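Asker: Structure provided below as structure tokens; questions to follow.
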Amino acid sequence: MDPAVWGNLNHLFQGEDARAKMVRLGTRIVKHATEEGRNCIPGYKIVARSLGDLNGSDETEVDVKALRADVRRLEKEFNEYKKEVDELQVEVKALAADQLRLEKQLCECRINKASADLNIRSCLLYVIGFSLCFCISFAWGA
């Protein structure tokens, strides 16, 4: 707005808030007057709807292109994740084979330990039996 006009209107609008309200009011008045004027033009609604439909179809095409791009990107990511999962499955199978091998070794160690324990027990029984026999024979000989 021209400074001369503001200078003449300063006594009506003392604050910036009042000026801002007047600008908003003026904008709304012009907007509503334009809408009322457009409604008086014959065929305006038909043309406005047709243009709106035309613009909407362009947005739909853009949306389809964007969706296709998203689908391609997601397919690439999915394929990468699928490769990683396949690699992990191979590793899991290898770990399962290692686990089975280690479990077999553990069972063998337990069996060997049990047989070693039996050998120690039998040796102890032999020593105890020999000691008893020695003690008995010594006692009889004395």
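The values are calculated or read from the model by the stated rules, or taken from the named source; none is laboratory data. The structure displayed is predicted, hence computed values, not measured ones. Backbone-built Cβ (ideal geometry, glycine too); neighbour counts: all protein chains shown.
Asker: Can you find a residue in region 133-140 that is modelled with pLDDT of 70 or more, among the polar types (S, T, N, Q) and surrounded by 10 or more Cβ atoms within 10 Å (Cβ to Cβ)? Walk me through it before giving the result.
Answerer: The initial filter retains those residues of region 133-140 that are modelled with pLDDT of 70 or more, namely none.
Looking for residues that are modelled with pLDDT of 70 or more, among the polar types (S, T, N, Q) and surrounded by 10 or more Cβ atoms within 10 Å (Cβ to Cβ), one finds none in region 133-140, hence no.
Listed here are the residues, each with its yes/no results for (1) modelled with pLDDT of 85 or more; (2) more than 50 Å from the chain's Cα centre (by Cα).
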{"residue": "H32", "(1), (2)": "yes, no"}
{"residue": "I41", "(1), (2)": "no, yes"}
{"residue": "V47", "(1), (2)": "no, no"}
{"residue": "T60", "(1), (2)": "no, no"}
